[in-house]
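The values are calculated or read from the model by the stated rules, or taken from the named source; none is laboratory data. If you're wondering where the values come from, they're calculated on a predicted model, not measured in any experiment. Don't worry about glycine lacking a Cβ; one is built from the backbone with ideal geometry, like all the others, and counts go over all protein chains shown. All accessible areas refer to the heavy atoms of the entire protein, side chains included, with ligands and DNA or RNA removed. Shrake-Rupley method; radii C 1.70, N 1.55, O 1.52, S 1.80 Å.
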Amino acid sequence: MDTQIRHTTDWRFSTIASWLGVTSACAYFANSPIALMLQLPISLSILLLLFYVLKHPNERVIAVSIGYFVLILALIPLTSTSLIFIHLVMFAAVFSPHFSLLKIMTAIILAMSVYGIEHADRWQGDIPWITFVVWLFFCSMNWFVSRRIVESLNMHYQSRQNYKELKAAQHVMGAMSAQQTRQHISRELHDSLGHKLTALSIHLDFVKRTAPQSVAETVNTCHQLSQQALSEVRDIVSTQRSNKPLLKQALEGIFALTPTLACSLDVEVKDTLISQQHALCIVRFCQEMVSNTLKHTQANQFHFEVHIVSQSNKPSVLAKAWHNQPESSLPKAGNGLSGLKDRMAQHHGHFEQLIEGRSLISVISLPLEQGDEH
């Protein structure tokens with residue numbers, strides 16, 4: 001298989017129109033009433049097969065193409081019109097992404113040969129070569145045009161997908177940056193203002209116990225106000241520190257933009273705060289794995305896990321990705337995987353791929369800094 005179809009363009013109406021046209025022509029030029037009756041189940045089978053191809057363009061391609069080709073051959077003896085070659089034009093268009101021009105042309109020439117042998121008696125030795133040449137030209141041009149259209153639509157789909165993922169990642173990274181700013185401010189409140197308010201409260205409590213009766217009530221009010229201010233500062237700090245990282249939200253956003261994969265997500269970060277740099281690495285890793293799954297496999301399930309583990313008595317973030325298509329060898333590292341390795345190296349992390357039980361497992365590990373554990 002040369003190329004996978006990833007776009008979501010609806011070609012049902014054009015397919016029905018082409019099928020209806022060739023079916024009507026074949027029925028009008030049926031060789032006999034019996035042939036007309038036999039055309040009906042064959043044409044309906046072709047229609048059902050075409051709808052299956054439109055709905056599942058990358059599944060059972062070889063079996064479906066053989067079935068379509070056999071049905072075309074079965075239809076040839078039942079009609080005399082050369083308009084049956086419209087099916088060959090559709091055959092070239094439908095399977096242009098999956099098969100090379102040589103394979104498509106071989107199948108089309110074989111079908112034309114069957115047509116020529118079947119109807120040779122009515123030509124009286126004068127074979128209409130121009131008809132075959134014209135239809136062969138239409139088939140080859142349709143293969144070329146359809147293949148370019150599919151490639152263009154795939155590129156447009158991938159560009160749109162990348163844009164959505166980038167916007168989602170930017171939004172989440174901005175939210176993470178704002179959250180970390182709030183947490184930094186809360187730490188400053190706790191370390192600076194909180195300590196000063198505590199000291200103030202202690203001193204006011206001492207003054208309250210030793211102050212004259214004339215100012216005792218005022219000092220007591222000041223002490224209560226300092227206690228309330230200290231309590232509010234602690235509430236603000238606790239609220240900011242209890243906010244969970246937005247990593248899971250970012251990953252769910254990526255999966256929401258990938259409707260062709262049934263994705264499962266398991267993020268267990270507990271109370272550990274993942275830094276923005278680590279979260280960005282994990283998000284990019286997830287995007288790269290989802291993109292590779294869509295480009296290079298026919299998998300329909302994708303799994304992603306993020307855990308905090310202890311490696312050499314040091315905490316690390318461990319992210320793991322795999323899909324449900326069996327694999328027997330490790331993929332060749334392209335620009336995406338090479339860039340991922342470089343990104344991991346910048347953060348003293350590690351990226352590896354391995355085969356476990358015929359499953360391709362991709363793993364990254366990032367050591368947490370001491371400040372990230374709290």
Checklist entry - Considering the range 270-301 alone, what residues qualify as being open to solvent by 20 Å² or more (accessible area, probe 1.4 Å), assigned to a loop (DSSP other than H, G, I, E, B) and either within 30 Å of P57 (Cα to Cα) or at pLDDT 85 or above (or both)? => result Q298, N300
Item to check | First in the range 130-147 and among the small types (G, A, S), second anywhere and outside any helix (DSSP H, G or I), Cβ under 6 Å, 6 or more apart | outcome: S146/S96
Next on the checklist: Test of understanding: among S146, S113, S159, which residue is at negative phi, open to solvent by less than 30 Å² (accessible area, probe 1.4 Å) and polar (S, T, N, Q)?
Outcome noted: S146
Checklist entry - Which residue, of S45, S18, S96, S65, is under 35 Å from the mean Cα position of the chain (by Cα), assigned to a loop (DSSP other than H, G, I, E, B) and of a type in the set (S, T, Y)? => result S96
Next on the checklist: Here's a check for you: in the range 120-138, which residue that is in a loop (DSSP other than H, G, I, E, B) and not charged (D, E, K, R) is most open to solvent (accessible area, probe 1.4 Å)?
Outcome noted: Q124
Next on the checklist: Looking at L38, L54, L49, can you tell me which residue is within 13 Å of H87 (Cα to Cα) and either touching a residue at least 40 places away in the same chain (Cβ under 8 Å) or surrounded by 12 or more Cβ atoms within 10 Å (Cβ to Cβ) (or both)?
Outcome noted: L49
Item to check | Pair list, Cβ < 8 Å and 6+ apart or interchain, from the range 203-224 residues that are free of Cβ contacts under 8 Å to residues at least 12 places away in the same chain to residues that are exposed (fewer than 14 other Cβ atoms within 10 Å of the Cβ) and not in a helix (DSSP H, G or I) | outcome: none
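Each row is one residue, and each column tells you yes or no for (1) more than 18 Å from V70 (Cα to Cα); (2) charged (D, E, K, R); (3) modelled with pLDDT under 90.
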site	(1), (2), (3)
D121	yes, yes, yes
F137	yes, no, no
R148	yes, yes, yes
E151	yes, yes, yes
H156	yes, no, yes
L166	yes, no, yes
A169	yes, no, yes
Checklist entry - So which residues in the range 15-71 are hydroxyl-bearing (S, T, Y) and either closer than 20 Å to V150 by Cα or in contact with a Phe, Trp or Tyr (Cβ under 8 Å, 6 or more places away or on another chain) (or both), if there are any at all? => result T15, S18, S43, Y52, S65, Y68
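Just to check your reading of the model, which residue among V237, V267, V215 is surrounded by 16 or more Cβ atoms within 10 Å (Cβ to Cβ) and modelled with pLDDT of 70 or more?
V267
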Checklist entry - Pick from A262, A321: which is modelled with pLDDT of 75 or more and touching a Cys at 6+ places or on another chain (Cβ under 8 Å)? => result A321
